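For reference, the structure discussed in these notes is given below.
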Amino acid sequence: MNLSNFFARRFDNRFWRSGAGGPVAALWSRLLGGLQRALPQACMLCAAPSGNALLCARCNDALPRIGIACPSCGLPSTRLAVCGACLARPPPFVAAIAAWTYEFPIDQLLQAFKYGTALALAEPLAGELAAAVRRRTDTRADAIVALPLSPSRQRQRGFNQAHEIARRVAVSLRLPLLRGLARVRDSPPQATLAWSDRSRNVRGAFVGDASLRGRTVAIVDDVMTTGATLAAAAEAARRAGALGVEAWVVARTLPPVDSSS
Ligand SMILES: [Zn+2]
Ligand SMILES: [Zn+2]
């Protein structure tokens, strides 16, 4: 049986609601870690033996990591400088950091994580994001906030995948995790819309509170596609008094290839 799914079914969101987690969460985390170390498991992607890791070494080495990227939008680039698109239209975040491009097999892993069949992935996904942040020298974030879901979507899903990653990144980087953003308006999922319509769809969807004032906050999400949702959240954070906003994501979708060139 797939050990990751076995554990995922036993993740109970109630234990995790209180930010850093209470004694039950700490105990559960130790138990989970102990079991994962004690039992050999199969790679989530190819089912080869993977020791105590979720992926075997071969699959892990083949993941689409982002190397050199535009510091402003996080898209892969040939040089470490702000790209032409960001110079022409600076995004409302001062830096964007992504661990991987949103391609196979990261897309599969993130889908499994987001829809609750592989919650145990939160740990390695957050670990990779924290490592990507550590490699960047231009980050100024002094607090982390998860991109919120609307209350109805959160109820439907039972957890917020961005929060599951954000709280682990916060622990790893020793930064406070704030709950200063709320999603006040539900809108059709961005995936159902053309890229050009996404900005309008999320405008005004977020509000920030006073806890963001004077902070440079990193908004954490699982995937950045056009960046429209993170931009709307960043604008809300700025309106609430944040000095600067960064976007930290596990994976960055590459823009569609222009078929005319
Ligand atoms: Zn594998
Ligand atoms: Zn850029």
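Within the stretch 39-63, residues that are among the polar types (S, T, N, Q) reach partners that are near ligand 1 (Cβ under 8 Å from one of its atoms) with beta carbons closer than 6 Å, at six or more positions or on different chains, in the pairs Gln41/Ser50; Ser50/Cys43; Ser50/Cys56.
Residues are listed down the side, and each one gets a yes or a no for (1) touching a residue at least 12 places away in the same chain (Cβ under 8 Å); (2) crowded, with 24+ Cβ neighbours inside 10 Å:
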| residue | (1), (2) |
| --- | --- |
| Arg153 | yes, no |
| Arg174 | no, no |
| Asn201 | yes, no |
| Ala218 | yes, yes |
| Trp248 | yes, yes |
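The stretch 1-119 holds helices (runs of 4 or more DSSP H) entirely within its bounds, and those carrying 2 or more residues that are away from ligand 2 (no atom under 16 Å from the Cβ) and modelled with pLDDT under 85 map to 3-10, 23-38.
For Ala141, state whether it is of a type in the set (Gly, Ala, Ser) and within 12 Å of the chain's Cα centre (by Cα).
On the way: of a type in the set (Gly, Ala, Ser): yes; within 12 Å of the chain's Cα centre (by Cα): no.
In short, no.
The values are calculated or read from the model by the stated rules, or taken from the named source; none is laboratory data. Keep in mind it's a predicted model, so treat the numbers as computed, not measured. In this analysis, Cβ positions are derived from the backbone assuming ideal geometry, glycine residues included, and neighbour counts consider all displayed protein chains.
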